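One structure is given here, and the rest of the page talks about it.
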Amino acid sequence: MKAITKSPTSTIEVRPHDAEELWSALGRLIDDRDLETCTPDEFVDLALAATPLLPADLRRGVIEYRRYAPEGDVILVRGLLPDSAEFPETAKAPYAPPPPGQAQRASLLLASVTTMLGEPFNYASLYHGRVVQNMVPVRKMEFTQTSQSSTGMLDWHCEDSFRDDRCDYAGLLCLRGDPTAASKYSQARDVDLAPAHIAVLRQPRYHVRPDPAHVLAGEVSMRRLPILSGSASSPEIAYDTHHLEPLDEADTEAAEALRELGAALDEAAISHVMARGDLLIFDNKRVVHARTPFTARYDGTDRWLMRTMICGSALTFRRWGTRIPD
Ligand SMILES: O=C(O)CCC(=O)C(=O)O
Ligand SMILES: [Fe+2]
């Protein structure tokens, strides 16, 4: 059956004048500092100092999303970057540091919005542990199941299901869009499955391996987990098309439920082509995401999103004792 493509329902529009004012105010806050000289904690402290500069409607919308997610587990902020913003050539790697200037200002803007949801962080094993990473196409990676892919579909996944401390949210800010690359999302609450399949998916009959974007020393054992958990009205999900499978190869019931879930995710898909100035935030415990293929040119004009992951639990963050946990 052909999936009906829905659009994100919860959208916060930033007025052009507000975006211009915010951009100027962020520029004044940064002054002539090179944010690459900041430690990750100093960078996030500065982002926190910038949140009062954000338009009041935006602050209210993000806080409401954190508390109740009244319109769903994905929010889209549009018009966050003003027309006057000018960016350098698209970064060449996820871990490439942005040069001083407006690309750094965009990374601070992303952190200042998302810090209202918790603590921006990254794992030491992922993209050099940078708090803000570039989601950009990389040569020779076109068909990988990583953000560096382009010609190949980046299939349904949650961020880092192989870790029990995976991020609660991820935020993606678009500096440069590509009309053929659609970001896709399915909310666990929208997934339509037979009760018998849901019951199987709620049992820890699966395991997941690390995704290949992580650079890990030695073998990491696969994590055993149920795919669905939490309440029926706001279920949580851990999913990965390529790295998750039944624990027992002979468990055909678990395999069938997984197949059904894959089809149900397609049916529940929400699709959005990220345009410059869009910030998409999704709940990584309740949403599965993907990206459709696009063509990379490697000429400095390719699609460029900045991403940060957010730990919404003060307890988990304190247990790590660092913003860049191993
Ligand atoms: O590029 C996108 O829209 C999403 C990228 C993504 O899913 C990832 O990097 O994990
Ligand atoms: Fe992802």
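Bear in mind that the values in this text are calculations on the coordinates, not laboratory data. Because the structure is a prediction, the values reported are computed rather than measured. Cβ atoms come from the backbone with ideal geometry, glycine included; neighbour counts cover every protein chain shown.
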Can you sort PHE294, PHE43, PHE143, PHE282 by how many other beta carbons sit within 10 Å, fewest first? PHE143, PHE294, PHE43, PHE282
If neighbour count is taken as other Cβ atoms inside 10 Å, put ARG139, ARG28, ARG189 in order from fewest to most. ARG28, ARG139, ARG189
Checking VAL215, VAL44, VAL14 against a Gaussian network model of the chain (alpha-carbon springs below 10 Å), the top fluctuating residue turns out to be VAL215
Taking θ = phi - 60°, what integer Hz values does the Karplus form 6.51 cos²θ - 1.76 cosθ + 1.60 yield along the stretch 87-104, in sequence order, with x for Gly and Pro? 10, x, 4, 3, 4, 8, 8, x, 9, 5, x, x, x, x, x, 6, 5, 5
Zero-based 5 Å bins, Cα pair distances in the stretch 1-119, whole percents: 2, 10, 19, 21, 18, 15, 8, 4, 2, 1, 0, 0
Expected sort for 110-120, 60-70 on mean C-beta neighbours within 10 Å, highest first, is 110-120, 60-70
Just report the Cα centroid separation between the stretch 140-166 and the stretch 254-326, whole Å. 9
Could you tell me the number of lysine pairs in the chain with C-alpha atoms less than 21 Å from each other, where the two lysines are 8 or more residues apart or belong to different chains? 5
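Would you calculate a helix-derived [θ] at 222 nm for the chain, using -39,500 (n - 2.57) for each DSSP H run of n ≥ 4 and dividing by the full residue count, to the nearest 500?
-8000 deg cm²/dmol
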Cα gyration tensor category, rounded, prolate or oblate, for the stretch 196-284 with a/c compared to 1.5: oblate
Placing +1 on the Cβ of each Lys and Arg and -1 on the Cβ of each Asp and Glu in the chain, which of SER161, SER233, CYS311 has its Cα farthest towards the positive end of the resulting dipole? CYS311
